[in-house]
Each structure stands twice: as structure tokens, then as C-alpha cells.
């Protein structure tokens with residue numbers, strides 16, 4: 001689902017000031033149309049992860065930066081391995 | 001349903017701080033987004049989170065201890081974790097290949113397999129392309145449409161939203177490298193640099209501007225033209241104005257989040273004519289110079 005800023009704030013349970021800060025830190029990078037920024041369900045889930053890290057796990061901003069970078073790398077790696085696995089099952093392709 | 005105290009591994013007499021510490025310790029280990037390959041992590045995490053929902057809230061804990069709530073009353077609603085999107089087919093916008101890119105540089109069989117797989121990937125999402133773009137200060141306030149020339153000679157139209165701040169990244173979905181097969185194109189990520197304007201300084205949604213005025217305008221007042229990012233406006237300088245007097249042009253600042261605009265604050269600066277002015281000198285020498293001493297308040 002594609003949502004506008006207000007819908008995203010509601011779904012993610014964020015204050016607008018918090019969102020502005022997270023955008024500034026580049027923790028969230030929404031789509032930019034000609035008139036507004038738009039968010040996906042993935043952005044909402046990413047916001048929940050950031051909120052969990054900050055509010056529930058006591059991670060500070062620098063820690064969130066590091067964790068997100070590693071999580072993004074981990075998913076990149078998982079994609080590569082998923083693809084490798086599927087290619088190995090279809091050797092004739 | 002397990003006893004929430006057992007789930008968190010604390011005694012029924014544990015303090016609120018002990019319960020929070022136990023939850024954090026377990027949650028850090030079990031959070032599904034920190035264990036994307038462990039299918040059981042979500043169930044375990046839900047159990048821990050459910051126990052903490054119950055015991056982390058003093059009122060709910062009291063009711064549970066009194067037998068008014070059972071452990072199932074604390075179950076969380078269905079929740080989608082980030083890993084559900086990050087591991088979806090076709091890749092995701094935040095994925096980063098820097099964790100394994102060096103593997104493909106090696107000469108061994110594994111690296112060759114990885115390279116071949118990368119090349120043959122049937123439905124691979126295109127990679128994100130990073131660009132930078134410089135805009136004028138005024139454009140950052142009013143918004144603008146810019147055309148970015150790409151290294152391959154192509155162009156990309158970028159709509160700059162009003163109120164953009166220096167360093168902000170704009171994501172244009174689908175404007176990155178093309179995907180293969182059914183893979184969607186990557187995104188263009190454009191970091192925007194706002195060229196400073198020596199006249200204006202931005203402070204949040206407000207803009208600061210220093211306006212030079214003449215001695216006669218300061219003493220007698222008058223109407224002056226003041227530049228703003230959206231064009232010059234006329235402002236009245238009251239008589240008896242001084243260097244440092246600050247006037248506010250309402251709504252002439254950057255767009256404010258949630259609607260409206262910030263303001264432009266105009267700080268006056270009294271400037272004497274350049275070079276000697278015999279007429280002014282003669283006038284001031286006749287003026288009763290002892291009538292006013294700006295250092296009387298102890299400034300020096």
C-alpha cells in the first residue's frame with residue numbers, strides 16, 4: 001500500500017518531528033512525487049524496527065545507524081544467497 | 001499459555017526495572033528483524049513481547065497477579081516485521097550489497113558461482129543509482145523542477161519539494177538501473193545540496209536577513225524594499241530604528257511541517273555614507289552630542 005505522509009505517521013505511530021529527524025538521518029528514504037513524499041508498508045515496518053531499537057532496546061542514535069546499515073547488508077546478502085540457492089537447483093538455465 | 005514471569009525468566013517479586021531489563025535482554029536476542037533467517041524467532045519474540053505487555057504495565061500486572069487477567073490477554077496483534085518486506089522477491093529499496101561485493105572479486109569457484117548467479121538472475125531488481133544535485137537557496141524554499149543530466153547523457157526530471165533542507169535525499173522510485181526479467185527497476189537516490197545565499201540564513205522554518213538602512217531612514221523611518229526568497233516586498237521601517245532592530249515578515253519563511261510558513265526576520269543595520277560627507281559632519285557637530293551616551297548602561 002502506498003500512503004502519504006499523514007497516513008504513514010498514523011500507521012507508524014510517529015510524531016511528525018520524529019519523522020523529520022529520521023529522514024534527516026536517512027533512516028527512512030520515502031518516494032518523492034512532484035507534490036509529496038509517499039511511503040510503503042515496508043517503510044512502516046522499518047519505522048517499527050527503529051522504534052523497537054530506540055524505545056524498547058535502549059539503542060542510541062549512533063547505534064541505530066550501525067544496526068540499520070548491518071541489517072541492510074544482511075538482507076542484501078540473504079538475497080544473494082537465495083538467488084544462488086535457486087540457481088544451483090536449476091543448473092541447466 | 002506460559003506464565004509470563006517464566007517467559008521473561010524473572011521472579012514474581014521482580015521489580016519493574018528487573019522486568020524491563022529481562023525483556024530487553026531477550027528481545028534483543030529474539031527480535032525477528034535481527035534474526036531474519038530464524039523462523040521460530042517471531043513466535044518466541046511474540047511470547048516475550050506478550051509477557052512484557054502484561055508485566056511491563058503496572059496496572060495490567062496488578063490485575064494479572066490478582067487473577068483478573070490470564071496470560072492470553074496480553075497477546076499482541078498480528079504484526080508485520082521489516083524482514084517480511086526486506087526479504088520479498090525482487091529485492092527491496094534499502095538492500096545493500098557491500099556485505100558480499102568483495103566475494104565476487106575472488107578467483108575461486110564460489111566467486112564464479114556468485115558472479116554467474118548475479119548475471120543470470122532472472123528477476124533481479126535493478127540497483128539504486130546515486131546522484132547529487134545542487135540548487136539555489138530560494139529554490140529550496142519555494143520548490144522547483146530541475147533536470148539532472150546523467151553520466152550516460154540521459155536526463156532525469158526532479159521535482160524539488162518546497163522547504164527542502166540541505167543534504168536531504170530524494171528517492172525517485174523506479175528511476176534507477178533497470179531490473180532483469182520481472183525484476184523492478186531500482187530507484188534514483190538524489191542527495192540535494194542547497195547552495196548558500198550570502199543574504200539569507202535559515203533557522204528551522206525561519207529565515208534571517210540583514211537589511212542595510214541609511215541614517216535618515218533610521219531616524220525618520222520610511223518604506224524600504226526587502227528581498228525574500230519569493231520576491232521583494234515593501235516593509236515600513238519605523239522612525240527611531242537602530243542597528244539590531246529586528247522586524248518580522250510573517251509567512252515569508254520556509255514551508256512549515258503541518259501547514260503554513262515560517263517567518264523572515266529582518267535585522268536592521270544602520271550604514272553611514274561611504275567616504276567623508278562634509279554636510280553630515282557639519283550637521284552632527286552642531287547636534288547636541290552630550291544629550292545621548294550609548295555607554296551609560298555600562299556597556300563599556
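Nothing in this text is a laboratory measurement; each read-out follows from the coordinates by a stated rule. Bear in mind that the values here come from a model prediction, so they are computed numbers and not experimental data. Here the Cβ positions follow ideal geometry from the backbone for every residue, glycine too, while neighbour counts run over all protein chains shown.
Neighbour counting of Cβ atoms within 10 Å sorts the residues B:31, A:69, B:261, fewest neighbours leading, into A:69, B:261, B:31.
In chain B, Cα pairs under 8 Å separated by at least six residues give a relative contact order of 11 percent. Helix A:61-89 and the longest principal axis of the Cα set of chain A meet at an angle near 30°. Taking only the C-alpha atoms of the stretch A:33-93, the Rg (one decimal) and the largest Cα-Cα distance, Dmax (whole number), read 16.8, 50 Å. Counting every Cα pair in the stretch B:4-85, what percent are over 18 Å apart? Taking all Cα-Cα pairs of the stretch B:4-85, the fraction more than 18 Å apart is 41 percent. Over chain B, DSSP H runs of length four or greater, each weighted -39,500 (n - 2.57), average out per residue to a 222 nm ellipticity of -7500 deg cm²/dmol. The Cα trace of the stretch A:1-75 gives Rg and Dmax of 12.2, 37 Å, the first to one decimal, the second as a whole number.
Would you kindly work out the equivalent ellipsoid of the protein assembly as shown from its C-alpha gyration tensor and give its semi-axes, the square roots of five times the eigenvalues, largest first in whole Å? Before the final figure, lay out the partial values.
Numbers: eigenvalues 626, 222, 57 Å².
Result for the protein assembly as shown: semi-axes of 56, 33, 17 Å.
Normalised by the number of residues in the stretch B:210-300, the mean separation of alpha-carbon contacts (under 8 Å, six or more apart) gives a relative contact order of 27 percent. Reducing the stretch B:239-300 and the stretch A:24-93 to their Cα centroids gives an inter-centroid distance of 52 Å.
Restricting to chain B, compute how many DSSP beta bridges are antiparallel as a %, nearest 5. Intermediate results must be reported in sequence, preceding the final value.
Working: 24 of 38 bridges.
Percent antiparallel among DSSP bridges in chain B is about 65.
Computed over the stretch A:1-42, the Cα gyration tensor eigenvalues convert (square root of 5λ each) into semi-axes of 15, 13, 9 Å, ordered from largest to smallest.
Cβ-to-Cβ counts within 10 Å put B:96, A:52, B:239 in ascending order as B:239, B:96, A:52, the fewest first.
Ellipticity at 222 nm from helices only: DSSP H runs of n ≥ 4 in chain A, each -39500 (n - 2.57), divided by the residue count, give -20000 deg cm²/dmol. Treating the angle as unsigned and between 0 and 90°, give the value, to the nearest 10°, between the Cα long axis of helix B:109-120 and the longest Cα principal axis of chain B. Compared with the principal axis, the helix lies near 70 degrees.
Between the Cα long axis of helix B:16-30 and the first principal axis of chain B there is an angle of about 70°, rounded to the nearest 10. Based on Cα atoms of chain B, Rg over Rh with Rh as the Kirkwood radius reads 1.21. Diffusion coefficient (Stokes-Einstein, Kirkwood radius over C-alpha pairs, 25 °C, 0.890 mPa s) for the stretch B:200-275: 191 µm²/s, rounded to a whole number.
The distance linking the stretch B:1-36 with the stretch B:182-224 is 50 Å (Cα centroid to Cα centroid, whole angstrom).
Cβ crowding within 10 Å ranks B:82, B:5 as B:5, B:82, fewest other Cβ atoms first.
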